[in-house]
């Protein structure tokens, strides 16, 4: 049964390799539209990973170290986008940040800020689905970390922020890096929430997964090459971070 399971996961990727037009791969990747989509994907996913770090690191620390009422509910809300259908996440973002959304309406009416169908919307959608990977990875590392050194620093007069920055953060740095890389890889491959909230405008919101979807209908060889790029990136990330992810990250946090 285990062999059947391995074959089940391997067969789709073998199918991509089997049909891949190897002789045309470089010319496809050199196509201006593909390069534009790749560049946009890298820029937006990097921005999403940085945003996940800026907001997700304090959130992970809060969930791991502070026992407050409703912590389980907050954790569940933070991880909800991992299990939601991506399109549902995009719909939720649209009705929250759209021009007539809960927050998007006042932003548009008062400040003239329109988020949907912009490059900023791509980053927001990618951050929404990617941040839980960083939060749960770092939270798991914080839970396993021995906090006695930080407590000793506090007794010597260090502030909570200083103790975290100079004692705790260096100790959990590998988990932070792993969480950022996982968030970046998840953002790079995001499709459903992005196309729903940001649309599919060439050079503005059309990321590499969207380009692969469009190419599948008009140029299947191009879709295969783009798919292989995304598969390779994801595979390398998972191989490199497997021990960190499963040992100190999502498993222990959940």
Report summary line: Each label sits 7 Å from Cα toward the beta-carbon; between residue 96 and residue 240 the label points are separated, in nm, by 3.0 nm
Query raised in the report: Calculated from DSSP H runs of 4 or more alone, at -39500 (n - 2.57) each and per residue, what is the 222 nm mean residue ellipticity of the chain, nearest 500?
Result: -24500 deg cm²/dmol
Query raised in the report: Where does each of 159, 41 land when they are ranked from fewest to most other beta-carbon atoms within 10 angstrom?
Result: 159, 41
Query raised in the report: Hull surface divided by four, with the convex hull built on the Cα atoms of the stretch 111-187: how many nm²?
Result: 7.1 nm²
Report task. Over the residues of the stretch 24-253, compute the C-alpha Rg and express it relative to 2.2 N^0.38 Å. Result -> 1.13
Query - Principal-axis tilt of helix 220-248 within the chain, Cα atoms, nearest 10 degrees - result: 20 degrees
**Report entry** Overall dimensions of the stretch 5-57 by Cα: Rg and Dmax, Å
**Finding:** 16.8, 44
Query raised in the report: Relative contact order, percent, of the stretch 24-253 when contacts are C-alpha pairs under 8 Å separated by at least 6 residues?
Result: 31 percent
**Report entry** Inter-label distance for residue 151 and residue 80, nm, one decimal - labels placed 7 Å from Cα along Cα-to-Cβ
**Finding:** 3.5 nm
Query raised in the report: Roughly how many Å is it from the Cα centre of the stretch 1-77 to that of the stretch 213-241, as a whole number?
Result: 11 Å
Query raised in the report: Measuring from label point to label point, each 7 Å out along Cα→Cβ, what is the residue 161 to residue 87 span in nm?
Result: 4.5 nm
Requested in this report: Calculate how steeply helix 2-19 sits against the longest principal axis of the alpha-carbon atoms of the chain, using the helix alpha-carbon long axis, and give the answer as 0 to 90 degrees to the nearest 10.
Outcome: 50 degrees
Query raised in the report: Where does helix 208-218 land angle-wise versus the long Cα axis of the chain, in degrees 0 to 90, nearest 10?
Result: 20 degrees
Query raised in the report: Between residue 42 and residue 30, 0.36 nm times their residue separation minus their Cα-Cα distance comes to what?
Result: 2.7 nm
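Each value in this text was obtained by applying a stated rule to the coordinates, not by laboratory testing. Being a predicted model, the structure only gives us computed values, none of them experimental. For neighbour counting, all protein chains shown are included, and Cβ atoms are generated from backbone atoms with ideal geometry for every residue, glycine included.
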